[in-house]
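The values are calculated or read from the model by the stated rules, or taken from the named source; none is laboratory data. This structure is a prediction, so every number in the text was calculated from the model and none was measured. Every residue, glycine as well, gets a Cβ built from its backbone with ideal geometry; the counts of neighbours run over all protein chains shown. Side chains are part of the model used for accessible areas, which takes the heavy atoms of the whole protein and leaves out ligands, DNA and RNA. Shrake-Rupley method; radii C 1.70, N 1.55, O 1.52, S 1.80 Å.
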Amino acid sequence: NTFDSVIHQVFQWFLDPDGNPATDDAPDVVNASWGFQNLAGICVNTFQPDINALNAAGIAVVFAAGNTGPGAATSISPANNAGAIAVGSVDDLNVIDPTSSRGPSTCDGRIFPDVVAPGDTIKTADLSFGGFPFYVSGTGTSFSAPQASGVLALLRSAFPNATLAQLKLALTGSATDLGAVGPDNTY
C-alpha cells in the first residue's frame, strides 16, 4: 500500500523520467498491475487526470483488469477509467479465467475488458533468498496485462508514427473474437 500522492508522482515521472524536457525519454507503454480490488463495480477517478496526461503524450496506459469476477459489472479502477486499456485473463484454451473482472466499465460504460491475454499458470521469475534463479507459476490479470503491453510496444516499434488511437485499434482489432460473437463484457 502507498499514498495516492506517491502514485501521482510516479505517473508524473513517466512523462519525463530524467527531468530534462529536452530529451525524449518517456515510455511508449506503461503497464500497471494494480487496482482497487476491494471496490469492484465502482468508478474511482482519482487517477483519471494522470491517465489523461499520459494518453495526451501518446503513452499507452495498460492496466490489469482485476481479479474480481466472475460476476457482471465487476470492473475495477483505474482499469475501468477512460483511456486505460484493461486486460482480462484467459487460460491456455482461451477460456476466460473465472476471477477475471467483467464489464461494463462503471466509469465510462465501455466494453470491459478491452482485450484478454493468457494469464493462467504463467511461469515467471520470482525473488529468492541468496540470489538463486527461482521461478513460479502465477495466475491472474497481472500476468495477462504485460503481454498486451508487449504487443503495444512491438506495434510502436513497427509503426513509430502511428497515433495512440491507431495502436489501440490495432491491438483490439486484431484480437481473436472469443466468447459471444462481437464485443462483450467477458472477453
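With the dipole of the chain worked out from charges on the C-beta (+1 for Lys and Arg, -1 for Asp and Glu) around the Cα centre, which of Ala117, Gly179, Ser5 lies farthest toward the positive end? In the chain, that residue is Gly179.
Could you work out the helix-only [θ] at 222 nm for the chain, with each DSSP H run of four or more residues adding -39,500 (n - 2.57) and the total divided by the number of residues, to the nearest 500 deg cm²/dmol? Working shown, then result.
Values: 4 runs with 49 residues, N = 187.
Value at 222 nm, helices only: -8000 deg cm²/dmol.
Averaging the Cα positions of each part gives two centres, and for segment 41-69 and segment 143-179 these lie 16 Å apart.
So, by mean Cβ neighbours within 10 angstrom, what's the order for 89-98, 29-38 with the highest one leading?
With the highest mean Cβ count within 10 Å placed first, the list reads 29-38, 89-98.
Which FRET efficiency value, to the nearest 0.05, do you get for Asp177 and Ser5 by plugging their Cβ-Cβ distance into 1/(1 + (r/R0)^6) with R0 = 45 Å?
Working: r = 41 Å, r/R0 = 0.91.
Step by step, r from the Cβ atoms, then E = 0.65.
Under 10 Å, Cα contacts only: if you run a Gaussian network model on the chain, which one of Ser101, Ser157, Ser128 comes out with the highest mean-square fluctuation? Among Ser101, Ser157, Ser128, the largest mean-square fluctuation in the Gaussian network model of the chain belongs to Ser128.
Note the direction-averaged projected area, equal to a quarter of the hull surface, for the Cα convex hull of segment 67-129, in nm².
Working: hull surface 20.4 nm².
Approximately 5.1 nm², given one-decimal rounding.
Shown for the chain: the carbon plus sulfur share of the solvent-accessible area, taken with all protein chains present and a 1.4 angstrom probe, equals 60%.
Expressed to the nearest 5 percent, the antiparallel share of DSSP beta bridges inside segment 30-186 is 30 percent. Rg over Rh for the chain works out to 0.97, both radii taken from alpha-carbon positions and Rh defined as the Kirkwood radius.
Near Ile85, the amide H atoms lying under 5 Å from its own belong to Val61, Val62, Phe63; only residues 5 or more places off or on other chains count, and H is placed 1.01 Å from N. Placing +1 on each Lys and Arg Cβ and -1 on each Asp and Glu Cβ, with no other charges, gives segment 96-169 a dipole about its Cα centre of roughly 180 debye. Per-residue extension of 0.36 nm, minus the Cα-Cα distance of Leu169 and Thr121, leaves a gain of 14.5 nm for this segment. Structural descriptor for the chain: relative contact order 19 percent, calculated from alpha carbon pairs under 8 angstrom and at least 6 residues apart.
Per the Debye formula on identical point scatterers at the alpha carbon atoms of segment 21-122, with no solvent, log10 I(q)/I(0) at q = 0.10, 0.23 Å⁻¹ is -0.27, -1.13. This model, with +1 at the C-beta of Lys and Arg and -1 at the C-beta of Asp and Glu, gives segment 1-120 a dipole about its Cα centre of some 480 debye. Overall dimensions of segment 116-187, expressed as equivalent-ellipsoid semi-axes from the Cα gyration tensor (√(5λ), whole Å, largest first), are 29, 19, 7.
Structure remark: mean-square fluctuation, Gaussian network model of the chain, C-alpha springs under 10 Å; the largest value among Ala60, Ala86, Ala72 belongs to Ala72.
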